[in-house]
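In what follows, a structure is listed as structure tokens, so that the remarks can point back to it.
Please treat every number below as a calculation from the coordinates, not as lab data. Please read all numbers here as calculations on a predicted model, not as lab measurements. As a convention, Cβ positions derive from the backbone with ideal geometry for all residues, glycine included, and neighbour counts pool all protein chains shown.
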Amino acid sequence: RHHGAPKHGDALLAGLIRCQRCGRKLTLRYSGMENHIPRYSCSRAWMDNGGPHCIAFGGLRVDDAIEEALLGVVGPGAIAAATAAAKEAGERRDQVRDALSRDLEAARYAADRAFRQYDAADPANRLVASELEARWNRALAHAAEVEAKIAMHDAATPALPDPALLGVLASNLKTVWDAPTTDARLKKRIVRTLIHEVVADIDDAASEIILIVHWVGGAHSELRLPKRRRGQRNSTSADIIQAVRQLVLIASDDLIAGLLNRNGLKTGNGNRWTRERVTSMRSNYHIPVFKPAEDGIEPWLNLGNAAKLLKIAPKTLRLAAEADEIESIHPLPDGPWIFARTWLITTAAQSIAERARQNPRYPAGSHPAQQNLFSSIT
């Protein structure tokens, strides 16, 4: 069936998604500060006769799931499809160029004929000569116009894409799909080419959105998505929250922001971290701020201070922590190791220190009088 032309807006399933409970098409509306957040709802019964709403859910997660399923289907044949599309586009441009060339040939013939008619006219017959001259000028102008069109067409014709480049783009199709320059209407045309219909329902017991995707050709697939609570999409991820809970043991908000940025982590809205954003996030999730101990005896130590307490090299302690020979916390891949002072007086910690002092393969600790030129929390 024809689902209609893809409209403006980013929602992929406008006109394609149907309610499993009543069989009606789901309506789409946009919300948010910039009216760009889609929401699908089955409200036709309420709009027609005041009946109850069937289902409603946010469209961002649903569209993300459809994109992932779609790219999984398109991906294996993406290179061949990209090559075929480039070839087809080149053939269409060649057809246009041939048509313009025929137009130019006809225009030049008409201009040549007009000239011969003008040249053969009796100069004494001024009326006829003037008319023939005007025809000749119009024919020349038309020929020049066609030549300009050909020049514009040739200038706008892109070079044939490199097959190797097409292969790179096709192998990373998601990057192309997510690029800001990719037209949303093109995405929706692709969706309509591959998907016949999507039937949606909500499993209230499991709090899941159920999508039955009917692909063109007769295949079906089921997707189950956890139903988000209001405002959950733009919230900070649980992994970042947990990392901050651990980092506040040894680091200020400034340092935490730098560590999160160094690990490529973003806020819920996709922004870089700043001290103010870390402070706001801590306040929102009731995470205490880092405060140095008044007596100078910190209960939590970074790698350097912990190694100094054990009188071994930081590398020795890090290797032991990586081998789980001593209890430690490592919140971020590119971030500090954290040790409780109580963990450093255990038998395991003392064994590591003793082994380092006796085994020459392990790096020795630095001399107490040696100064460190670079302060670090790692």
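Could you pull out every one of the aspartates and glutamates with an alpha carbon less than 14 Å from that of K87, ignoring same-chain neighbours closer than 8 positions?
Once the sequence-local aspartates and glutamates are set aside, what remains near K87 is D162.
Calculate the spin-label point distance for E88 paired with R24, positioning each point 7 Å from the Cα along the beta-carbon direction, and give it in nanometres.
3.7 nm
At V289 and D178, where each label point lies 7 Å from the Cα along Cα→Cβ, what is the point-to-point distance in nanometres?
Computed distance between label sites V289 and D178 equals 3.5 nm.
If I model a spin label as a point 7 Å beyond the Cα along the Cα-Cβ vector, how far apart are those points for T193 and A156 in nm?
Inter-label distance under the simple model: 2.2 nm.
What are the ³J(HN,Hα) values, in whole Hz, obtained from phi via the Karplus relation 6.51 cos²θ - 1.76 cosθ + 1.60 with θ = phi - 60°, for each residue of the range 258-272 in sequence order, with x given for Gly and Pro?
Listing the rounded values in order: x, 5, 5, 5, 5, 8, x, 8, 10, 6, x, 8, x, 9, 6 Hz.
Going through the cross-link list K25/K174; K187/K227; K188/K266; K25/K266; K25/K188; K266/K315, which pairs have a Cα-Cα distance over 26 Å in this structure? Please report the intermediate quantities before stating the final value.
Details: K25/K174 29 Å; K187/K227 24 Å; K188/K266 28 Å; K25/K266 36 Å; K25/K188 17 Å; K266/K315 30 Å.
Those over the limit are K25/K174; K188/K266; K25/K266; K266/K315.
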